[in-house]
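As C-alpha cells, the structure follows; a few thoughts come after it.
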Amino acid sequence: MEPFVPKFQGHPWASGMRALHVYVLPRPEVDDGLLGLAEACRPILGGYPIDPQCGSDPSDAGLLHLTCEMLADAPSTEYDEAALDQLTGALRAELSQVPAFTTYAGPPIGNIAGAVLDIWPETDIVSLIERIRSAIRKVRGDEALQHPGGRPHISLGYSYGAASSDPLNSELRNKVTPRRAPLLVDRVHLLDVAWTFDTELGGWRMTWEPVAEISLGD
C-alpha cells in the first residue's frame, strides 16, 4: 500500500477544501453484522499505517461509507441554497422509483489505499449509482462527473504510509470471520465532505456535514 492522497478534478486535494458527495452509510440499528465485521478488522488495521474509519464498537459506524458519486464541478462552497435544493430535488425524483435492496460487504481486503470491503452482488448498487449520476448530470452537467469510483466498496481505512499488503491480507483472512455481512440500502446521503491533512497522523482525514437524506422508493 501507498500513502493515500484524495483528489479533486484530477489533482491532489487542497487541505480543508469541501466537496459534495453522495454516500450510502451503514447504520448500527440495521447493519450490526457489517459493523461487527469492521470492528473485527480494526485491531488488525492498527498494526499497519492505516487510519480506521469504523468506530471502536458495533454501535458506532464512524466514517464508514460507500461512495456513490462526488460532485466535482466545483467545491461545495460554490453551491448556493438554490443549487443544493435543485440537486436534492433531482436526486429525490430519480430515486423515487428505486426499491430498497440488500447486498453484501466483504471480504476485507488490503489494497493500494488502505483496506476495503468489496460489495457483492453489485448489480443493484451499480444501477443505483447510475441513477444518481443521471440526476447529477441533469442539474450540473457532465462536468460534475469526473471521478470514476471503480468497483463499489466500503473503505475500512485509508493508508498514511507505505507497507506491503500481503501480511495484512493474510491476517485479515486468518483472523476475521465471518467474512461477509449484509448491507441494507434504503437511502442515500448527500454530504458536504472535507479532507484535511493531519500533520500528527502524517496523512489525510475526512469529516462531513449532512446536507440531505434521500430515501429510495419515496
| task | Would you mind stating whether E78 is surrounded by fewer than 17 Cβ atoms within 10 Å (Cβ to Cβ), modelled with pLDDT of 95 or more and touching a Pro at 6+ places or on another chain (Cβ under 7 Å)? | result | no
| task | Output the residue which, of all residues in the stretch 159-187 that are more than 29 Å from I214 (Cα to Cα) and of a type in the set (D, E), is surrounded by the most Cβ atoms within 10 Å (Cβ to Cβ). | result | E171
| Cβ-Cβ below 8 Å, separation at least six or inter-chain, first residue in the stretch 190-218 and in contact (Cβ under 8 Å) with a residue 24 or more places away in the chain and under 20 Å from Y79 (Cα atoms), second among the charged types (D, E, K, R) and outside any strand (DSSP E or B): which pairs? | I214/R92
| query | Residue check: is I109 within 30 Å of A162 (Cα to Cα) and surrounded by fewer than 19 Cβ atoms within 10 Å (Cβ to Cβ)? | reply | yes
| said: Filter the stretch 174-202 down to the residues that are out of contact with any Ser or Thr (no Cβ under 7 Å at 6 or more places or on another chain) and over 22 Å from P26 (Cβ atoms) and list them by number. | reply: N174, D198, T199, E200, L201, G202
| Considering only strands (runs of 3 or more DSSP E) fully contained in the stretch 1-115, which possess at least 2 residues that are over 19 Å from A181 (Cβ atoms) and either of a type outside the set (V, I, T) or over 15 Å from the mean Cα position of the chain (by Cα) (or both)? | 18-24, 50-52, 66-70
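The values are calculated or read from the model by the stated rules, or taken from the named source; none is laboratory data. This structure is a prediction, so every number in the text was calculated from the model and none was measured. We place every Cβ from the backbone using ideal geometry, glycine too, and count neighbours over all the protein chains shown.
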